[in-house]
Amino acid sequence: MAKHETPLLDQLESGPWPSFVSDLKQEAEKRAKNEKGVEFQIPVDVVDDLLGVLELSFKHKRTHWKHGGIVGVFGYGGGVIGRYCDQPEMFPGVAHFHTMRINHPSGKFYTAEYLRQLCDLWDFRGSGITNMHGSTGDIIFIGTTTPQLEEIFYELSHNMNQDLGGSGSNLRSPSDCIGTARCEYACYDTNALCYTLTQDYQDELHRPAFPYKFKFKFDGCPNCCVASIARSDLAFVGTWRDEIRIDAEAVNAYVGGEFPPNGGAHAGRDWGPFDIQKEVTDLCPTKCMKYEKGKLYINDRECTRCMHCINVMPRALRIGNDRGCSILAGAKAPILDGAQMGSLIVPFIKVEDPYDEIKDNVIEPIWDWWMEEGKNRERLGELMKRQGFQRMIEVLGVDAVPQMVQEPRSNPYIFWKEDEVEGGWERDIDEFRKHHKR
Amino acid sequence: MEQAEAQEKIVTALTKKLKTKSKFYFNDLAKILELKPRVAKKYITQMVVDQALEYWSSGSTSMYGLPGTGKQAGAEHEE
Ligand code: SF4
Ligand code: SF4
């Protein structure tokens, strides 16, 4: 028998989709039965009370959570988000209900054994409710009490080789796609770069000194499986600068229907015979491909590495050999000025251990600029908008390249600086007057 | 600057403002110390270790305050 009546939440279970309400009820029941004999360190009915307070919020159309606080583990300014219920008498199980962010492993590779350890720890010292994963990428532990925080952190860091993630005005837990570990499209080792920067920037991750949050995301290729271009202040997107490798025979095997296009991903229904012109060359965004007399041509100079042709015919087309990444800056979700995608700041850079060029020439100058000039709660993308892209590339000390221009000549107000103009502002007025009357 | 001097500056400035404000952004602290953010961070981190300052976090933003000050402090310590 449920502790609280939840008619409004029950409604949410009636649709065709899996429901978090059913999951919560299942967890509440599991805790009540406690077949494994866990010595719960926080109230056994925490999940019942969570359902109860949620039902009340639906009824009142108001939240009953107080969000934020001083709680954390000693020395860390992130990783724990304080949360308290404003109806603690009614719902004592969730009076304290703090969130913990756990830094997910690179590429989110887990062993079953490790997942079991995480869940056992969280059943024992928390609510048992997790979110795999939060939007930054972290493993989220939802709901525990203050005295458990240090205990959990000790267990994670001493026995599970695991750290808390970032929150608040910190570098957030860097996040990457599976990369070269499993994906043939990967143009650099995302796992290695993600891991290295996570280790090298521990201070930035745990001790907040930024104006606001800052996210790194690493995609091995422009397919952007972790959506770095939309969701990180600095996006590292794998790319190449030579030619797409074409296996002419395999191209014709696709044309002849021998290989299913898109790795067989559209097998659910019959789409008719594969049409290379309709499905590949006509859809190339830069129209730099053609298929003629049984041969595929690509004008690589015009290719923007969109990945479309490679995704359709992975056995015939492969990423180039001269690989690295592009770096884009300033993506963010709404709040101010609406959502923003990243802007290209470095068209191509080699990604080589120990990544000094990336750290010294890109990441750190950007941080210095943003930490000094950024207003409180101003994301990098907002600073870029406020001070202008021109200022951004000045900070990086790079020259403007065509890829940085969204569209030509829509803005007549380009202000040149004296040192950018040959001869500067000085002129010989007599020489000038020879050709121009007063 | 010595750590003690930095701490003194911060504690004095924050105590003065306590009537109106108990939580401060990192940049406010760097300004009090009149240092660049990266340099200021070394002192401020040490003050947290020495428990002269404490972190406050909303989840999305972090702030700093003198331990035990502010409305929230009372609420958070009640059992
Ligand atoms: S982003 Fe590219 S390299 Fe990374 S997993 Fe996706 S397809 Fe593979
Ligand atoms: S990757 Fe995209 S732009 Fe390049 S050739 Fe293929 S479809 Fe065209």
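Condition check ((1) part of a loop (DSSP other than H, G, I, E, B); (2) more than 16 Å from ligand 1 (Cβ to nearest atom); (3) open to solvent by less than 10 Å² (accessible area, probe 1.4 Å)) across all residues:
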position	(1), (2), (3)
A:GLU184	yes, no, no
A:LEU193	no, no, yes
A:THR198	no, yes, no
A:LEU205	no, yes, yes
A:PRO208	yes, yes, yes
A:PRO211	yes, yes, yes
A:PHE218	no, no, yes
A:CYS224	yes, no, no
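Criterion applied to A:HIS158, A:HIS133 was being modelled with pLDDT under 95 and open to solvent by 20 Å² or more (accessible area, probe 1.4 Å), and the one residue passing it is A:HIS133. Taking (1) closer than 30 Å to A:ALA192 by Cα; (2) in contact (Cβ under 8 Å) with a residue 40 or more places away in the chain; (3) within 14 Å of another protein chain (Cβ to nearest Cβ) in turn, A:VAL398 satisfies each apart from (3). Anything in the stretch A:123-168 that is closer than 19 Å to A:VAL46 by Cα and under 25 Å from the mean Cα position of the chain (by Cα)? List them, or say none. Correct list: A:ILE129, A:THR130, A:ASN131, A:ILE140, A:PHE141, A:ILE142, A:GLY143. Contact annotation: residue pairs with Cβ atoms under 6 Å, 6 or more positions apart or on different chains, pairing a residue in the stretch A:200-226 that is within 14 Å of chain B (Cβ to nearest Cβ) and within 14 Å of A:GLY165 (Cβ to Cβ) with a partner that is among the charged types (D, E, K, R) and surrounded by 21 or more Cβ atoms within 10 Å (Cβ to Cβ), are A:LYS213/A:ARG172; A:PHE214/A:ASP233; A:LYS215/A:ARG172; A:LYS215/A:ASP233. Among the residues of the stretch B:23-43, those that are more than 14 Å from A:GLY168 (Cβ to Cβ), outside any helix (DSSP H, G or I) and more than 8 Å from chain A (Cβ to nearest Cβ) comprise B:GLU34, B:LEU35. Looking across the stretch A:319-328, just one residue is open to solvent by less than 40 Å² (accessible area, probe 1.4 Å), within 12 Å of ligand 1 (Cβ to nearest atom) and more than 19 Å from the chain's Cα centre (by Cα), and that is A:ILE319. Report whether or not A:GLY179 is within 17 Å of A:TYR195 (Cα to Cα), touching a Phe, Trp or Tyr at 6+ places or on another chain (Cβ under 9 Å) and either open to solvent by less than 10 Å² (accessible area, probe 1.4 Å) or more than 16 Å from ligand 2 (Cβ to nearest atom) (or both). Yes: the conditions hold for A:GLY179.
Here is a yes/no grid of residues against (1) in a loop (DSSP other than H, G, I, E, B); (2) surrounded by fewer than 16 Cβ atoms within 10 Å (Cβ to Cβ); (3) away from chain B (no Cβ under 14 Å); (4) within 12 Å of ligand 2 (Cβ to nearest atom):
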residue	(1), (2), (3), (4)
A:PHE259	yes, no, yes, no
A:HIS266	yes, yes, yes, no
A:ARG269	yes, yes, yes, no
A:PHE274	yes, no, yes, no
A:ASP282	no, yes, yes, yes
A:PRO285	yes, yes, yes, yes
A:ARG301	yes, yes, yes, yes
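For the residues A:ALA339, A:ALA316, A:ALA331, the requirement of being open to solvent by less than 50 Å² (accessible area, probe 1.4 Å) and within 21 Å of A:ASN170 (Cα to Cα) singles out A:ALA331. Scanning the stretch A:39-64 for residues that are open to solvent by 60 Å² or more (accessible area, probe 1.4 Å) and not polar (S, T, N, Q) gives A:GLU39, A:VAL44, A:PHE58, A:LYS59, A:HIS60, A:LYS61, A:ARG62. The conditions of being open to solvent by less than 80 Å² (accessible area, probe 1.4 Å), hydrophobic (A, V, I, L, M, F, W, C) and outside the structural domain of A:ALA329 (by TED's automatic domain parsing) are not met by A:VAL395. A:PRO18 passes every criterion in (1) open to solvent by 50 Å² or more (accessible area, probe 1.4 Å); (2) over 26 Å from the mean Cα position of the chain (by Cα) apart from (2). Scanning the stretch A:290-316 for residues that are among the hydrophobic types (A, V, I, L, M, F, W, C) and either more than 15 Å from ligand 1 (Cβ to nearest atom) or outside the structural domain of A:PRO261 (by TED's automatic domain parsing) (or both) returns A:LEU296, A:ILE298, A:CYS303, A:ALA316.
The values are calculated or read from the model by the stated rules, or taken from the named source; none is laboratory data. Just so it is clear, the model here is predicted, and its values are computed rather than measured. Methodologically, a virtual Cβ is constructed for each residue, glycine included, from the backbone with ideal geometry; neighbour enumeration extends over all protein chains shown. Only protein heavy atoms, including side chains, enter the accessible area calculation; ligands, DNA and RNA are left aside. Shrake-Rupley method; radii C 1.70, N 1.55, O 1.52, S 1.80 Å.
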